[in-house]
Amino acid sequence: MWVFGYGSLIWNPEFPVAEARIARVQGWRRAFCMRSIHHRGSEAEPGLVLALDASAGHYCDGVTFRVQPGAEADTLALLRERELISSAYLEAQVRADWPGGGGCSALVYVIDPDHWQYCGGVDLEEQAQIIAQARGGRGLNRDYLWSTAAHLAELGIADPELEWLAGRVRALVRSRD
């Protein structure tokens, strides 16, 4: 069983990993396009979390994780509890290609564009303003952004929008302190 991580799964998979490989999925883009009302925000003050948003001509680089053999059922249950806390994500299978050739079919959670938590098209400055102040059950929204951006950088995965957001949110937080 393979799982594609593009956000917090990269730095916090919470399941036993036998192997991890950088991978690319076509036709999707990583975006802060989901209002978070549990993990990184609240119903009163939603935060923003990453989701894969269908986008022809785009791609998303992330990490494929091969689940430790024998742990597939427990991993699937854990992922469903974590990712399907609301019905904004859809469980899907994608083709993930590895650099240099090969790839796998991987489980992934993508945004449902018809769900009320979907908020594609929010400009980057507004995203930064929301992320700088939101807090949810798993902590500050800004920590989620910064952890994701840092781990992508460590892996050599460029994401200019995420890099800009990380810098802008740092500036906003400094100006408020």
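Taking the stretch 86-100 as the range and being within 14 Å of the chain's Cα centre (by Cα) and in a strand (DSSP E or B) as the test, the residues that pass are Y89, L90, E91. Residues in the stretch 45-66 that are in a strand (DSSP E or B) and over 18 Å from the mean Cα position of the chain (by Cα): A56, G57.
Being in contact with a helix residue (DSSP H, G or I) (Cβ under 8 Å, 6 or more places away or on another chain), farther than 22 Å from A150 by Cβ and crowded, with 19+ Cβ neighbours inside 10 Å, is that true of even one residue in the stretch 10-33? No - not one qualifying residue is present in the stretch 10-33.
Under 24 Å from V17 (Cα atoms) and either out of contact with any strand residue (DSSP E or B) (no Cβ under 7 Å at 6 or more places or on another chain) or open to solvent by 20 Å² or more (accessible area, probe 1.4 Å) (or both): does that describe Q129? Against the criterion (under 24 Å from V17 (Cα atoms) and either out of contact with any strand residue (DSSP E or B) (no Cβ under 7 Å at 6 or more places or on another chain) or open to solvent by 20 Å² or more (accessible area, probe 1.4 Å) (or both)), Q129 does not qualify. Of the residues in the stretch 101-123, not one is surrounded by 13 or more Cβ atoms within 10 Å (Cβ to Cβ), modelled with pLDDT of 95 or more, among the acidic types (D, E) and part of a strand (DSSP E or B).
Residue count for the stretch 68-85 satisfying the condition of being modelled with pLDDT of 95 or more and assigned to a loop (DSSP other than H, G, I, E, B): 4.
Cβ-Cβ contacts under 9 Å between residues 6 or more apart (or on different chains), taken from a first residue in the stretch 67-93 that is among the hydroxyl-bearing types (S, T, Y) to a second residue that is surrounded by 13 or more Cβ atoms within 10 Å (Cβ to Cβ) and assigned to a helix (DSSP H, G or I), are listed as Y89/E83. When every residue of the stretch 34-43 is checked against the conditions, at least one turns out to be open to solvent by 20 Å² or more (accessible area, probe 1.4 Å), in contact with a Cys (Cβ under 7 Å, 6 or more places away or on another chain), assigned to a strand (DSSP E or B) and not aromatic (F, W, Y).
The values are calculated or read from the model by the stated rules, or taken from the named source; none is laboratory data. Computed from a prediction, not measured in an experiment: that's the story for all the values here. For neighbour counting, all protein chains shown are included, and Cβ atoms are generated from backbone atoms with ideal geometry for every residue, glycine included. These area figures cover heavy atoms from the full protein model, side chains too; ligands, DNA and RNA do not enter into them. Shrake-Rupley method; radii C 1.70, N 1.55, O 1.52, S 1.80 Å.
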